Amino acid sequence: MKKIVAVIPARYESSRFPGKPLAVITGKTMIHRVYERVKCVECFEQVIVATDDDRIKDEVESFGGIAVMTGECTCGTERVFEAVKNIDADIIINVQGDEPLIKKEMIMDLVNAFSDESVYMATLKKRIELQREIEATNVVKVITDCNDDAIYFSRYTIPFNRENMKTTYYKHIGIYGYTKSFLEKYVSMPESFLERTEKLEQLRVLENGYKIRVKETQYESVGVDLPEHIKIVEEELANE
């Protein structure tokens, strides 16, 4: 049996929403809600919050969670590595700390990608249903090849539909899985040009010639980027 560990990177500073992990959503902080969702997945040996701030660490420990302090990191994947570099694990699942509605089924879709022994990094995509999401630059799009490996991720609408053909677009769902050995390789690579240009850390992998398996999921989540997104999450929780 492979040892699978989940890590939730959660930093305090955010240009658009400072202190986001500690924002209260219907009586619980966002990091508490994310932790509870991830903890429901039975295959995880451990669930760890990786943070750079004592306030987040204290909050996680207050509800019985495990948190580790990390140093300066350029992206969430580097923070995940800092948390697990001394832990015995085969696969690391990275669930963003601003996904309070993440579903167990989505996480299992990602875990199941590693049933293919050739996979060393994986993520998720979902079919886009709304035209405004196709055009929105805050919704990252992904295109894949015939083996379900990523060709490219972009904030731009891809593919460009020159002839107005019937086209299906997919959004990237920003949770990742890696073998621990590949995670170590990732952090040894310098930040890449495309990664800096699009502000998408997964492009470091593609630009260095590695593959990312992209599994389609039928499930939706609502990430929190701005304070006004809290109300949307609370409405979704009420519907659940």
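The set of residues in the stretch 89-112 that are touching an Asp or Glu at 6+ places or on another chain (Cβ under 9 Å), under 19 Å from Val68 (Cα atoms) and either among the aliphatic types (A, V, I, L, M) or surrounded by fewer than 19 Cβ atoms within 10 Å (Cβ to Cβ) (or both) contains only Ala89. Only residues that are free of Cβ contacts under 8 Å to residues at least 24 places away in the same chain and not β-branched (Val, Ile, Thr) were counted in the stretch 160-180, giving 7.
Among the residues of the stretch 128-137, some residue qualifies, meaning at least one is touching a strand residue (DSSP E or B) at 6+ places or on another chain (Cβ under 6 Å) and over 29 Å from Lys85 (Cα atoms). For the stretch 32-53, the condition of being closer than 24 Å to Lys231 by Cα and either in contact with a Leu (Cβ under 7 Å, 6 or more places away or on another chain) or of a type in the set (Phe, Trp, Tyr) (or both) holds for at least one residue. The residues in the stretch 110-133 that are more than 10 Å from Tyr169 (Cα to Cα), touching a Phe, Trp or Tyr at 6+ places or on another chain (Cβ under 7 Å) and in a strand (DSSP E or B) can be counted, and the count is 3.
Out of Ile102, Ile107, report the one residue that is part of a loop (DSSP other than H, G, I, E, B), of a type in the set (A, V, I, L, M) and more than 29 Å from Pro190 (Cβ to Cβ). Criteria check complete, one pass: Ile102. How about the stretch 218-240: which of its residues are under 20 Å from Glu133 (Cβ atoms) and either in a helix (DSSP H, G or I) or free of Cβ contacts under 8 Å to residues at least 24 places away in the same chain (or both)? Hits for the stretch 218-240 are Glu228, His229, Ile230, Lys231, Ile232, Val233, Glu235, Glu236, Asn239.
Scanning the stretch 28-84 for residues that are part of a loop (DSSP other than H, G, I, E, B) and among the acidic types (Asp, Glu) turns up Glu42, Asp52, Asp53, Glu72.
Considering the stretch 209-229, and only residues there that are out of contact with any Lys or Arg (no Cβ under 9 Å at 6 or more places or on another chain) and modelled with pLDDT of 90 or more, the residue that is surrounded by the most Cβ atoms within 10 Å (Cβ to Cβ) turns out to be Ile212. Residues in the stretch 166-217 that are in a strand (DSSP E or B) and basic (Lys, Arg): Lys171, Arg213, Lys215. Of Arg55, Arg16, all but one fail to be in contact (Cβ under 8 Å) with a residue 24 or more places away in the chain, out of contact with any His (no Cβ under 6 Å at 6 or more places or on another chain) and more than 24 Å from Leu237 (Cα to Cα); the exception is Arg55. Restricting attention to the stretch 135-147, does a residue exist that is over 17 Å from the mean Cα position of the chain (by Cα), part of a helix (DSSP H, G or I) and farther than 23 Å from Asn94 by Cβ? Yes; the residues of the stretch 135-147 include at least one that is over 17 Å from the mean Cα position of the chain (by Cα), part of a helix (DSSP H, G or I) and farther than 23 Å from Asn94 by Cβ.
The values are calculated or read from the model by the stated rules, or taken from the named source; none is laboratory data. Treat the numbers as computed from the prediction; the structure is a model and nothing was measured. Note that we place each Cβ from the backbone using ideal geometry, even for glycine, and neighbour counts take in every protein chain shown.
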